[in-house]
Each structure stands twice: as structure tokens, then as C-alpha cells.
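Read through the structure below, which is laid out as C-alpha cells, and then see the notes.
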Amino acid sequence: MKHLRNIMILTALLTVGAGMAQADQAIVKVRYLSAEHVYLDSGALDGLRVGMTGEVRRGDLTVAVLEVVFTADHSAACKTVGESAAVAEGEEVYFTVDDEANEAQADTVAVSRPSRQRPVSVAGVGTDLVPIAERAHLTGNIGLVWDHTESTAEAELKTDYWTLPFRFQVENLGKGWELRSRGSLRRFDRSGYSGSTPGGEWRNRVREMSLVKDGEGAPWHLAVGRVRSRQTSAAGPFDGLLVERRLGGETYWGLFAGFTPEWGTYAFGTDDHVKGMTFHSRSRTESGKFADATVTALGRYRSGEISREYMTWTLSLRDGAKWNLMQGGEVDLNRDWRKDAADGKSLTLTGFALSGGMKASGRTRLDLGFDNRELIRTWESRSLPDSLFRNSGRRGWRAGLSMRTGTSGRLRLSGSVRQDDSQDGNTTSWMGRFTQPRLAGTPLGLLLVMRGFDGPYLKGWAPQGGLSLYKNGSRFSLDGGGYSYEDAAGTNNRKNTWVSLRWSRDFSRSWSGSVEYRKDWGDDIVGKRWYLEIHHRIGPAGG
């Protein structure tokens, strides 16, 4: 395993170097569920402590809060705090050290790992112990994925997709600096396709490669290189510089500028550039109340011409597990050709979103959301017909209900209604999901899912079900499902069915793997798929 790890790291670093010439939280995963607890893939040697709390997030929404109640060296057991949505195996849990149960470690950025020490001899002084945490060290994760698909619907089409995702961080480089990198090396091999489709190609992506100095409470935050940060997420990754100045507490404002990587390949380019200003403020209390606001004003430019100038903002509020609220939006500043395209308007509201949730009872949680987005005209799309943009509003509501049933069952119901100006009528969708970690007192887990939609052109539904078993360190799952849809006139109905078998296991605290086989048959897809994944965690706790 050690040799494989070294080869994977070396391959990633060499390729990144040739192609180039997170933040304040530690992230762990849910390993499996029991009737009483949620078990994580990290433990005391990763810095988890009894009393710490973590958040299970889906997008920008916190769906569950977990409290650590027991830790072993390489695993931890948690209980849910208050009411929460159903937590699934494999979901990510975000831990921060400034939670109310972990105040003593609030001066560190991520979950503190226990410092390993080694003797250091100093002439005339003797032997001292120097914590490893004070020296530069590599942390992160790297994986290897093989995804093989064969389609036999018409022709023998085969695709082998190899990817090497990585995320590295070299900490303690001196004076608060760190090196951060993330991306993936990707290779496609195909056979049976037409001559216009490449038989083999590389699609490598470097999404971050930067020197960063952003210690909590530091007077200045700096990042240089291929920058990717939460404050500049609206700009995406860029090759340049980000400078932020602390105004007090956890409030910062900053400036950034750089070149945008080439679209689709993430290669370095100078045709597109971006610049802007950020404002970010965050506060939290010991009782679990949390507020976070981010405002970004930025401009995108193509070959010296305006592509888009706009302001975006996000506001998040939360009171523990009682309620949460998120509001975001975008306002475009129209100049030159963009003002003409906007019928002379200097400002236009091009995006608005509002979502929230609340605990309705001890077992039930409700959530509601609204969004209204428009297609954005940029330098690349300015020659397209005006009708594509004037009739592109997408407005919709969504609502959901999550509840616990019995001792460990979880039920999730949700639905949405969306309206598109370019379509005659609304599109509705719905979903029901039920999980039971221990079915009738057995070690079997049950999953039932039903989805459906009905729109101006198509309507259909898709059922899914599965059983899972955790035994002797391995998890086995058998799932199956399908879909059926038809056009609005009801003259064309198509169906498909699938079944999959999956095995996964943690070989050690730093190595894990999974294998999946899937078979599809029906009107649209006929074929099979093999999926293999190996994952390795690197660092003082991962090895």
C-alpha cells in the first residue's frame, strides 16, 4: 500500500507541475448507521473528541447536527442533536474547532490532530520534544478510480475512464503559509465509436494550486497562484492574487485579480481575466447561533472587452438545529454592449434565492425554498438571439418534510413546482425516501426511493430499492430500480431497469476501497458497468 500511495502522489504532482509551469474545517465521512448512532470513519487519532459537534451539509443547507459521544482511535460514534434529516452512509460531516464543545482549541484552523513528537538533540542543552504539528507536513487525500462501461443497445461501445482525484495541503511552511492543491488527472479510452470521437484523450484538471496564509484571526489573509476560496467562489478558480484585511472579529474585506483558466481544460490562459472586491463576516455563539454574510463585486473581461460585471451575495443564519435561513442573489451592472442588450437598463436583478428550514416537532423538520434565475448574456453569447434571454426566467418553489419513524427509520418527502417563460405550463417533481438502518431488528438496512415529474413535454416516475449489510468490516449493498416516461401526448412510452451490487471496506485508518457492478436493460440503455475506487488519506493521522 505504501508503494501504491507514493506512486499515486508522484504521478499527481508531476502532472500538475507539467500542466501549471479548504478551508477552516475538517471533513470526515459517515461510515455506517445503527439504530442509535451515526459512526464516522475518523476517531481520536484524527483529533475528534467527545462533545464536539459537526454538520452534515447538502449544498449550502445544514441537514443534521451530530455530537460525538464516543471515540476510538480510528472511529467515532455520534448522536443527532435536535431534529434532523436522514443521514446516509458516505455523507460528509464538517467539524470546526470553535464549536461550543471545543472552545479550548479555537485558535486552530482545522480539527487538531494529536501532536506526535520525536527527540531532538541540541548541543549543551540535551534532548527536547518538538511537536510534528510545528513542522511542515503533508496532509490530504488521493484516490484512484476505474469506471468501465459497455453499451450493447446498438453497437458495441466501450469506455474506460481513469481518474486520479487529489487534494493536498502542505502545512506550516513558515509564518502561517500553506500550500494547497486540488484537482484530478483523467484519462478516457473508447472503442466502437465514430471517427469524430477520440479513441483516447486526457482531461486533467487543476482547480487549485496556491500559497495561502489565512489563519483565523490573522490581520491579513493572502493567497497567490491558482486561487480557489469561499470568498471568491463566484469568480471560480483564477490565476492571480487575493488579499484580505481584517476589520475586526471575523470580518474581512479584500481585493482579487487574475486570469481565468481556459474553459473546459483549466489550462493557463490570458484571454479572460477577472477582478473584484469581497466582504465577508461571520459570527457564532456558544448556544449554536450562527451568522455568515459574503458579498462579492466582480467583473469578467474578454480580450479587453466587458463580458460581465455584477454583484453577488449570500446570507446564512442558523440557530442550532431549531431553524436555518439562506438568502442569495445577483445584480448585474450593465455598461456598453450589455446595456444595449438589457434595453437600456443600468441595473438588473438576475438571480434571487431564498430557502429555510425549521424543527416543527421532536421528530419532524420542514423546509421551504424559492429561486428565480435568468440566463446571463456574456461576451461569448452576445451574438445569440434576444429571445433566448428574454424568455429564460426559471422560477420555482420547493418544499420538504423530514421525520423519524419508529426507533431509527427516516422518511423524507419533497416536491417542487417550476415555471420557465419559454414553456407553456409548469413542471412539477416529487420525491419520497425511506431508510431503515436495522430492519426488524436484523443487521440489514433498507432503502426505498420513489421519484416522479410532470412537465409540458414529458412525465414519468422512477422507483428504487435496496438492502445493505455491514459485517466484519465490510459493507455489502444490493440495489435495483428503473424509470418510465412518456411524452405529453402519451404516444411514446419508454422504460429502463437496472440492478447493482456493491462492496466497500476500510482496510485501515488511511486506506479504503469499493467495487460495484451494474447491469442495465430496456428501451434506452442496455449494457453493464464496473466501478473500482481506492482512496487514501495522507497526514499525521492517515499515515
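Filtered by the rule that a residue be among the charged types (D, E, K, R) and modelled with pLDDT of 95 or more, the stretch 434-477 gives a lone residue, Arg451.
The rows are residues; the columns are (1) over 28 Å from Gly522 (Cα atoms); (2) hydrophobic (A, V, I, L, M, F, W, C); (3) touching a His at 6+ places or on another chain (Cβ under 9 Å).
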site: Thr427; (1), (2), (3): no, no, no
site: Tyr457; (1), (2), (3): no, no, no
site: Gln464; (1), (2), (3): no, no, no
site: Tyr470; (1), (2), (3): yes, no, no
site: Tyr483; (1), (2), (3): no, no, no
site: Glu486; (1), (2), (3): no, no, no
site: Gly490; (1), (2), (3): no, no, no
site: Val499; (1), (2), (3): no, yes, no
site: Ser508; (1), (2), (3): yes, no, yes
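The strands (runs of 3 or more DSSP E) falling completely within the stretch 86-169 that include 3 or more residues that are modelled with pLDDT of 50 or more map to 92-95, 137-151.
In the set (1) farther than 26 Å from Ala223 by Cβ; (2) in a strand (DSSP E or B); (3) in contact with a Gly (Cβ under 8 Å, 6 or more places away or on another chain), Leu298 fails one condition alone, (1).
Inspect the stretch 438-448 for any residue being small (Gly, Ala, Ser), surrounded by 14 or more Cβ atoms within 10 Å (Cβ to Cβ), more than 29 Å from Gly406 (Cβ to Cβ) and touching a Phe, Trp or Tyr at 6+ places or on another chain (Cβ under 9 Å) and give the result as yes or no. No, the stretch 438-448 contains no residue that is small (Gly, Ala, Ser), surrounded by 14 or more Cβ atoms within 10 Å (Cβ to Cβ), more than 29 Å from Gly406 (Cβ to Cβ) and touching a Phe, Trp or Tyr at 6+ places or on another chain (Cβ under 9 Å).
Counting the residues of the stretch 342-377 that are touching an Asp or Glu at 6+ places or on another chain (Cβ under 8 Å), farther than 30 Å from Thr80 by Cβ and part of a strand (DSSP E or B) gives 6.
Are any residues in the stretch 283-299 within 16 Å of Thr232 (Cβ to Cβ) and either within 25 Å of the chain's Cα centre (by Cα) or of a type in the set (Phe, Trp, Tyr) (or both), and if so, which ones? The answer is Asp292, Ala293, Thr294, Val295, Thr296, Ala297, Leu298. Quick check on Asp214: is it touching a Gly at 6+ places or on another chain (Cβ under 9 Å) and surrounded by fewer than 16 Cβ atoms within 10 Å (Cβ to Cβ)? For Asp214, the condition - touching a Gly at 6+ places or on another chain (Cβ under 9 Å) and surrounded by fewer than 16 Cβ atoms within 10 Å (Cβ to Cβ) - is not met.
Could you say whether any residue in the stretch 522-539 is out of contact with any strand residue (DSSP E or B) (no Cβ under 9 Å at 6 or more places or on another chain) and either among the small types (Gly, Ala, Ser) or assigned to a loop (DSSP other than H, G, I, E, B) (or both)?
Initial filter on the stretch 522-539 (out of contact with any strand residue (DSSP E or B) (no Cβ under 9 Å at 6 or more places or on another chain)): none.
No, the conditions are met nowhere in the stretch 522-539.
For the stretch 428-454, the tally of residues that are farther than 17 Å from Leu411 by Cβ and part of a strand (DSSP E or B) stands at 5. For the stretch 468-477, does any single residue satisfy the condition of being under 24 Å from the mean Cα position of the chain (by Cα) and either under 26 Å from Thr152 (Cα atoms) or part of a strand (DSSP E or B) (or both)? Yes, the stretch 468-477 contains at least one residue that is under 24 Å from the mean Cα position of the chain (by Cα) and either under 26 Å from Thr152 (Cα atoms) or part of a strand (DSSP E or B) (or both). Taking the listed residues Ser316, Ser283, the one that is in contact with a Leu (Cβ under 9 Å, 6 or more places away or on another chain), of a type in the set (Ser, Thr, Tyr) and assigned to a strand (DSSP E or B) is Ser316, with no other qualifying. If you filter the stretch 149-164 down to residues that are of a type outside the set (A, V, I, L, M) and within 16 Å of Gly513 (Cβ to Cβ), you find that the one that is surrounded by the fewest Cβ atoms within 10 Å (Cβ to Cβ) is Trp162.
Is at least one residue of the stretch 484-497 on the phi < 0 side of the Ramachandran plot, surrounded by 14 or more Cβ atoms within 10 Å (Cβ to Cβ) and either small (Gly, Ala, Ser) or under 26 Å from the mean Cα position of the chain (by Cα) (or both)?
yes
Within the stretch 499-520, being out of contact with any Phe, Trp or Tyr (no Cβ under 7 Å at 6 or more places or on another chain) and modelled with pLDDT under 95 holds for Ser504, Arg505, Asp506, Phe507, Ser508, Arg509, Ser510, Trp511, Ser512. Within the stretch 262-277, residues that are part of a strand (DSSP E or B) reach partners that are loosely packed, with under 14 Cβ neighbours inside 10 Å with beta carbons closer than 7 Å, at six or more positions or on different chains, in the pairs Met277/Leu255. Checking each residue in the stretch 231-285 for being touching a helix residue (DSSP H, G or I) at 6+ places or on another chain (Cβ under 9 Å), of a type outside the set (S, T, N, Q) and under 20 Å from Leu315 (Cα atoms) picks out Gly276, Arg284.
From the list Arg335, Arg373, the lone residue that is loosely packed, with under 15 Cβ neighbours inside 10 Å and within 21 Å of Thr312 (Cα to Cα) is Arg335. Any residue at all in the stretch 405-413 that's in a strand (DSSP E or B), hydroxyl-bearing (Ser, Thr, Tyr) and under 25 Å from the mean Cα position of the chain (by Cα)? Looking for residues that are in a strand (DSSP E or B), hydroxyl-bearing (Ser, Thr, Tyr) and under 25 Å from the mean Cα position of the chain (by Cα), one finds none in the stretch 405-413, hence no.
The values are calculated or read from the model by the stated rules, or taken from the named source; none is laboratory data. As the structure is a computational prediction, the values presented were derived from the model and not from experiment. A quick note on method: Cβ atoms are made from the backbone with ideal geometry, for glycine too, and the neighbour counts reach across all protein chains shown.
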